[in-house]
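The structure under discussion appears below in the form of structure tokens.
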Amino acid sequence: MNGEKYFLIVNLIAGQGRCKAVFPRVKAALERRHISYDLHYTNEPMEAIDVAKMGIEAGFTRIVAMGGDGTVNEVANGVLGSAAALGVIPAGTGNDFVRMLGIPADPLQAVQMLPKAAERTVDVGRVAEDRYFVNGLGIGIDAQVARDVLAMERLRGAPAYIYAAIKEVFRFEAFPVKIEGQGISEDLRCISLGVSNGKYCGGGFMLAPRATVDDGLIDVAAIGDFSKVERLLRLPQARAGKHLKLPQVHYMQVPRITLASEAKLIAHIDGEPYELPRTAFTVSVVPKALRVLVPA
């Protein structure tokens, strides 16, 4: 026990109700371990940003997000720029951010980790100068998959993402995009464009297998179009991170890129729907911007 008091932000609707189901056991585990905390539930999208700032203003230095990657994103956006550290109790659908940091995927094990946690300082990504992501910005088919999963009532976790991905393989239309960065200027037609801080998205798809959360770079994986049959055949490769040698895949590690398209692009940030700017916009890395509680 380290004597810290935690500010716990809980999104009970995360994971299609998984968070609500597991929270009584998490609460019992916190109390059993005599972990002191203040509790706040979120009720509206983006509310956790302001709640996290409120906790910091009240003097808390350990702000813990309980929910999925979207909840973690919001709490991180509130914590950024402060001296506070972000803790995570995973209880969502994808839980991709914690995979990179060794934080237990099991909520009760994550509680057990908190009192003896170390701190790790990681990068974040920034979109259009005003929104940050901890894991990734996805444009195209992976964004549509994320929306499909949010609409599901029964499937959860990896099976939900795999089912949605197979469905979108047969119906998603490729889109044009111009990518400009350090010595890069390419006009592509893609089914997916991921700008990543972490390796994983979509409940374990390793779209950015070379990504590291503290290397000062964002990983850009632009996947060109395939026939619908080949899309289905390539899906297991994308999940396993073995797609980089395909000629349709353009992969780069850069500190900053600019994206533009004549099409209306569909996007997600850390698994949650995100409306991109209508004009050309920049995505960049903010090095060593966020302190995270990780296993010691």
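Any residue that is among the basic types (Lys, Arg) and closer than 28 Å to Lys199 by Cα - is there at least one of those in the range 61-81?
Taking the range 61-81 first, the residues among the basic types (Lys, Arg) are 62.
Within this subset, residues satisfying the condition of being closer than 28 Å to Lys199 by Cα are 62.
Yes, the range 61-81 has at least one match.
Yes or no: the range 22-36 includes at least one residue that is in contact with a Phe, Trp or Tyr (Cβ under 7 Å, 6 or more places away or on another chain) and in a helix (DSSP H, G or I).
Scanning the range 22-36 turns up at least one residue that is in contact with a Phe, Trp or Tyr (Cβ under 7 Å, 6 or more places away or on another chain) and in a helix (DSSP H, G or I).
Please state which one of Val229, Val254 is among the aliphatic types (A, V, I, L, M), at pLDDT 95 or above and either within 17 Å of Gly125 (Cβ to Cβ) or assigned by TED's automatic domain parsing to the domain that holds Lys199 (or both). Outline the logic, then answer.
On the way: Val229 fails: at pLDDT 95 or above.
One residue alone meets the criteria, Val254.
Please state which one of Leu235, Leu244 is of a type in the set (A, V, I, L, M, F, W, C), surrounded by fewer than 22 Cβ atoms within 10 Å (Cβ to Cβ) and in a helix (DSSP H, G or I).
Leu235
Mind listing whichever residues of the range 117-148 are surrounded by fewer than 20 Cβ atoms within 10 Å (Cβ to Cβ), touching a Pro at 6+ places or on another chain (Cβ under 8 Å) and in a helix (DSSP H, G or I)?
Within the range 117-148, Arg147 is the sole residue that qualifies.
Any residue at all in the range 9-30 that is more than 22 Å from Tyr274 (Cβ to Cβ), buried (at least 22 other Cβ atoms within 10 Å of the Cβ), touching a residue at least 60 places away in the same chain (Cβ under 8 Å) and in contact with a Pro (Cβ under 7 Å, 6 or more places away or on another chain)?
No.
Out of everything in the range 14-26 that is at pLDDT 95 or above and touching a strand residue (DSSP E or B) at 6+ places or on another chain (Cβ under 8 Å), what residue ends up being nearest to Thr42 (Cα to Cα)?
Phe23
Out of the residues in the range 154-166 meeting the condition of being within 16 Å of Pro236 (Cβ to Cβ), surrounded by fewer than 21 Cβ atoms within 10 Å (Cβ to Cβ) and not β-branched (Val, Ile, Thr), tell me which one is farthest from the chain's Cα centre (by Cα). Write out each step before concluding.
Going residue by residue through the range 154-166, those that are within 16 Å of Pro236 (Cβ to Cβ) are 158-159, 161-166.
Add one more test, that the residue is surrounded by fewer than 21 Cβ atoms within 10 Å (Cβ to Cβ), and what stays is 158-159, 162-163, 166.
Now narrow it down to the ones that are not β-branched (Val, Ile, Thr): 158-159, 163.
Working: Ala158: 14, Pro159: 18, Tyr163: 19 Å.
For the range 154-166, the residue satisfying everything is Tyr163.
Take Gly198 and tell me if it is closer than 27 Å to Pro104 by Cβ, buried (at least 20 other Cβ atoms within 10 Å of the Cβ), in contact (Cβ under 8 Å) with a residue 40 or more places away in the chain and within 13 Å of the chain's Cα centre (by Cα). Explain how you work it out, then say what you get.
On the way: closer than 27 Å to Pro104 by Cβ: yes; buried (at least 20 other Cβ atoms within 10 Å of the Cβ): yes; in contact (Cβ under 8 Å) with a residue 40 or more places away in the chain: yes; within 13 Å of the chain's Cα centre (by Cα): yes.
In short, yes.
Determine which member of the set Asn95, Asn77 is out of contact with any Lys or Arg (no Cβ under 6 Å at 6 or more places or on another chain), of a type outside the set (Val, Ile, Thr), buried (at least 24 other Cβ atoms within 10 Å of the Cβ) and not in a helix (DSSP H, G or I).
Of Asn95, Asn77, the one residue that is out of contact with any Lys or Arg (no Cβ under 6 Å at 6 or more places or on another chain), of a type outside the set (Val, Ile, Thr), buried (at least 24 other Cβ atoms within 10 Å of the Cβ) and not in a helix (DSSP H, G or I) is Asn95.
The values are calculated or read from the model by the stated rules, or taken from the named source; none is laboratory data. All of these numbers come straight from a predicted model, not from anything done at the bench. All Cβ positions, glycine included, derive from the backbone under ideal geometry; neighbour counts span all protein chains shown.
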